[in-house]
Amino acid sequence: VGRVVELGAGEGRLARRLGEKLGPGRVTGVDLVGRPSHLPSGVDWIAGDLARVLPGLEAGTIVASLILHHFPDAV
């Protein structure tokens, strides 16, 4: 599986669950908002614009749920 990156991780619920299953250092959450306070230290977090962050990420698996509505129609 390699590293799992969750795009639009929001409150970090899925990233936290994945981190519990896969272990420390295997999951990264990406969102515009800052790192949720309840997120375990073994889950990495990147706060920033997806368009700027994504090109530099290495991942075996990328998951995204309910994020398309955040993109403008012109894209």
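Details
- Accessible carbon and sulfur surface of the chain relative to its total accessible area, %, 1.4 Å: 56 percent
- Per residue, in Å², the accessible surface of segment 1-64 once ligands and nucleic acids are set aside, probe 1.4 Å: 59 Å²
- The coefficient of translational diffusion for the chain, derived via Stokes-Einstein from the alpha carbon Kirkwood radius under 25 °C and 0.890 mPa s, stands at 197 µm²/s.
- A helix-only calculation puts the chain at -4500 deg cm²/dmol for mean residue ellipticity at 222 nm, using -39500 (n - 2.57) for each DSSP H run of at least four residues, averaged over all residues.
- Amide H contacts under 5 Å for E6: T28, G29, V30, V63, restricted to partners 5 or more places along the chain or on a different chain, H placed in the peptide plane at 1.01 Å from N.
- Between A51 and E11, the modelled label-to-label distance comes to 2.9 nm, taking each label 7 Å out from Cα in the direction of the beta carbon.
- Taking E6, E58, E11 and ordering them by how much accessible surface each has at a 1.4 Å probe, largest first, produces E58, E11, E6.
- Surrounding net charge for D44, when Lys and Arg each add one and Asp and Glu each subtract one, Cβ distance under 10 Å: +3
- Length-normalised contact order of the chain in % [C-alpha pairs under 8 Å, at least 6 apart]: 38 percent
- Comparing S65, L32, V4 along the charge dipole axis of the chain, the residue lying farthest to the positive side is V4, per the Cβ-charge model.
- Rounded to the nearest 20, the size of the Cβ-charge dipole of segment 3-75 about its Cα centre is 280 debye, with Lys and Arg at +1 and Asp and Glu at -1.
The values are calculated or read from the model by the stated rules, or taken from the named source; none is laboratory data. Nothing here was measured: the structure is a model prediction, and the numbers come from that model. Using ideal geometry, Cβ is built from the backbone for each residue, glycine included, and neighbour counts are taken over all protein chains shown. Heads up: the accessible areas ignore ligands, DNA and RNA and are worked out on the full protein's heavy atoms, side chains in. Shrake-Rupley method; radii C 1.70, N 1.55, O 1.52, S 1.80 Å.
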